[in-house]
């Protein structure tokens, strides 16, 4: 099993496209499509019909963005960084390449 570089709850920055420079928290990751949904980024408007559960109207929500268009945010400097994997205390962890600081609190035991 290959570990994911970007996971739900991570903070990322958009590096290309219409929303370049925006930062946000990852809400959903779709690894099969190489896409993710980021809070407050890539906002689209959907015109919905009213039904029993909702009144309908124009609803704004986040659309998926390609995973290659974002980079992780370094916890030490708030700048974009790449991720590398290290083994610390017998656990595989994600580390920011820019500062060497630990990204993940969720540890995968090997």
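We did not get these values from a lab; they are worked out from the coordinates using the rules stated. Since the structure is predicted, the reported quantities are computational estimates derived from the model, not experimental observations. Cβ placement follows ideal geometry from the backbone for every residue including glycine, while neighbour counts extend to all protein chains displayed.
When 38, 73, 59 are ordered from fewest to most other Cβ atoms inside 10 Å of their Cβ, what list results?
Lowest to highest Cβ neighbour count: 59, 73, 38.
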Treat the count of other C-beta atoms within 10 Å as a stand-in for reagent exposure and order 72, 47 from fewest to most. 47, 72
What number, in percent, do you get for the relative contact order of the chain if the mean sequence gap of Cα pairs under 8 Å and at least 6 apart is divided by its residue count? 19
Note on segment 40-102: the mean projected area of its alpha-carbon convex hull, in nm², is 7.2
Nearest-0.05 FRET efficiency for residue 51 and residue 30 at R0 = 35 Å, using Cβ-Cβ distance, is 0.85
Would you mind giving the three semi-axes, in whole Å and largest first, of the ellipsoid equivalent to the chain according to its Cα gyration tensor? 32, 16, 11
